[in-house]
Protein chains: 2
Amino acid sequence: MNLEDIAKLSGVSRSTVSRVINDDPNVRESTRQRVQDVISRMDFQPNLAARTLATGQAKVIGLVIPMGVSTMFTDPYFPMLIKGISAACNAQDYSVMLWLAEPEYERRTINQILHNGMIDGVVVASVLMDDPIVEALIHSNMPFVLIGRHPTNSQVNYVDVDNRTSSRQLVEHLINMGHRRIGTITGAQNMIAGSDRLLGYMDALTQGGIPLDLELIASGNFTEEGGYAAMKRILPHRPQAIFAASDTMALGALRALEEAGLRVPTDIALAGFDDMPFSAHLRSPLTTVRQPVLETGMRAAEALFDLLENPAQGPTHLLMPTELVVRESTPPQLQPTS
Amino acid sequence: MNLEDIAKLSGVSRSTVSRVINDDPNVRESTRQRVQDVISRMDFQPNLAARTLATGQAKVIGLVIPMGVSTMFTDPYFPMLIKGISAACNAQDYSVMLWLAEPEYERRTINQILHNGMIDGVVVASVLMDDPIVEALIHSNMPFVLIGRHPTNSQVNYVDVDNRTSSRQLVEHLINMGHRRIGTITGAQNMIAGSDRLLGYMDALTQGGIPLDLELIASGNFTEEGGYAAMKRILPHRPQAIFAASDTMALGALRALEEAGLRVPTDIALAGFDDMPFSAHLRSPLTTVRQPVLETGMRAAEALFDLLENPAQGPTHLLMPTELVVRESTPPQLQPTS
DNA sequence: TTCCCTTTTGGGAGCGCTCTCAAACCCCTG
DNA sequence: CAGGGGTTTGAGAGCGCTCCCAAAAGGGAA
């Protein structure tokens, strides 16, 4: 069943059927009606491959999720992101081609996917700072939007959460609660989120007039185990509060604290980042930063659509606002009455 | 850059270039070499839309994940499944088109996606028993494989975990540990996994000569909150052990038990299903059933590829084996020495 | 050297759609 | 009722590939 068949059945030409399908105004109302009837009666769908070939656009975007990011499998971040992107695509009649990029993917394979003409643009989620896929994209002429800002190239379009500001605000909150010896468990520093959250921590200390103490900083690599290990390293240096750059790491930190016989928040304050589903249900509900993951995904897709419609426009740099969620894990300290 | 260009550059015809690309043996070695060189030098990729149009196959499979399944966003099941499917696809040069199906999708939209010629087949993940998408697929001629067996139509291809047997074995284990008053928190009964796990529970009781007590059965709808509520309903009827049809529900049950001042496993035994990452790290590590999610995804994709190559073959019904993981939440009961 | 058979190559048609251009049609005015 | 404008329709080419068939090239035997 193709245009020609529909044309025959409704007594018009292929061109007219095409016009009806594409809502061309230059069709007499009665003709449109007649053709439309046949189309619905036959349950006809135009062939997308043919259409793609003829128009040069596929109405498909690629979603690249670099694997090896183990968090993919333990938290709802990616599913949520996917849902956001997918929702935006549905709204605009785009489809999503999913590409889980294994680390060992070579340049050739990358190009293969970029240049096969089945994809109009690409959204790349959560990349390492020096991801080869991003490099390949920069040197191609495939439109793309990053989720997570690019550290160096300001021409690159991105949608990101404002990690630096949010972290600063969170640590400011800790300072306001009366802490000065504030440690941080950082995320992987080759990921932009890890790096930005550390910068936010430093911003807050600087602004609060608190000198940086490197012994209070340890990397937790965004994993539970990493958080546990990092906490153990920081603990001997007697922190009053800990900012873990992810709730998952905070969970690990909590385990280390419990093993050391310390209680949150009586003995030590603890804050995280992400507002995972479990974070509100810990024994001491976790102060954290909630990020709009779904919206981030939607915005990224929408930014890409914009780009596809208007390739000449300047780079999109969108920082999504976050929400500081204060819970019981970071109560005010009792101050000595002065 | 297209076949014709490559042909010109290497001094052969379009047809010969096509042969080289498709590994046709009828090409002189020297010619192949020459063409191959030009292809790599130009970084040429054949246009997939054109190829799809010409051959009638897209080398793309659709992955349909019906939304509204809220578990999508709290556990690693779908990400893992996606990874498995994606891995199988990569291995066979297929791509994955992702389609998150909103519940309100109408038949028209379904058809639209099924008949647009960009997809060779479909994998449908975790469906409700009477999912309209499945109905639509059955009545279309689009090859498809379900993840999760179809309750009534034996012609439908599926790959599933052996929920019924695994549940039976788990409950048998509870019986072996010395329990007789064994309750169950069931999953949603309009999902095949929920239904099968309940059947397994009943199988074990029957086989163990334990009469069914409806007061010990409550639905938890596969959510934490549901598990909590169900546990509260069962608790007054003094169960010795609980089989929750998912670890997530077990978590809710645990919360209810703690609120009631009961401890696992001293006061009551608790078992789950799924072996979530958190399950091993609870205060009383959870006895549960581990299912091979990644492999399930891979097998489903592979089953679909088989089907695409050999459409005439009989229906594929594959049940993946599971592993009973016994942990501290279900210790043997102290028996009165007889 | 010629002939025949096999191997290798080239050309054309066609996949189903869009898009441009020209032809046909319609309606109104003078 | 002819002419002129706008509106509506149809035909053809082309998107980049595959696949079939025929032509050319090569190689060995007579």
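The values are calculated or read from the model by the stated rules, or taken from the named source; none is laboratory data. Everything numeric in this text was worked out from a predicted model, so none of it was measured. Every residue, glycine as well, gets a Cβ built from its backbone with ideal geometry; the counts of neighbours run over all protein chains shown. Heavy atoms of the whole protein, side chains included, go into the accessibility calculation; ligands, DNA and RNA do not. Shrake-Rupley method; radii C 1.70, N 1.55, O 1.52, S 1.80 Å.
Scan the stretch A:242-263 residue by residue and report those that are open to solvent by less than 10 Å² (accessible area, probe 1.4 Å) and not in a helix (DSSP H, G or I). Selection gives A:Ile242, A:Phe243, A:Ala244, A:Ala245, A:Ser246.
Where in the stretch A:264-338 are there strands (runs of 3 or more DSSP E), lying wholly inside it, with at least 3 residues that are out of contact with any Asp or Glu (no Cβ under 6 Å at 6 or more places or on another chain) and either open to solvent by less than 30 Å² (accessible area, probe 1.4 Å) or free of Cβ contacts under 8 Å to residues at least 24 places away in the same chain (or both)? Give the steps one after another, and end with the answer.
On the way: elements: A:269-271, A:288-290, A:317-320, A:323-325.
It comes to A:269-271.
Across the stretch B:43-58, the qualifying residues are those that are among the small types (Gly, Ala, Ser) and either in a loop (DSSP other than H, G, I, E, B) or facing another protein chain (nearest Cβ under 8 Å) (or both), and the one among them that is surrounded by the most Cβ atoms within 10 Å (Cβ to Cβ) is B:Ala49. If only residues of the stretch B:13-31 that are open to solvent by less than 40 Å² (accessible area, probe 1.4 Å) and near DNA strand C (Cβ under 7 Å from one of its atoms) are counted, the one that is nearest to B:Met118 (Cα to Cα) is B:Thr16. Residues that are within 15 Å of DNA strand C (Cβ to nearest atom), under 30 Å from B:Phe78 (Cα atoms) and open to solvent by 40 Å² or more (accessible area, probe 1.4 Å) do occur in the stretch A:59-78. Examine the stretch B:100-109 for a residue that is in contact with a helix residue (DSSP H, G or I) (Cβ under 7 Å, 6 or more places away or on another chain), modelled with pLDDT under 95 and under 23 Å from A:Ile119 (Cβ atoms), and state whether such a residue exists. Yes.
Here B:Val20 qualifies as assigned to a helix (DSSP H, G or I), without any contact (Cβ under 8 Å) to a residue 60 or more places away in the chain and of a type in the set (A, V, I, L, M).
Only one entry in B:Ile39, B:Ile61, B:Ile6 is away from DNA strand D (no atom under 12 Å from the Cβ) and hydrophobic (A, V, I, L, M, F, W, C), namely B:Ile61. Put simply, of A:Gly227, A:Gly208 the only residue that is in the same structural domain as A:Leu254 (by TED's automatic domain parsing) and under 24 Å from B:Phe278 (Cβ atoms) is A:Gly227.
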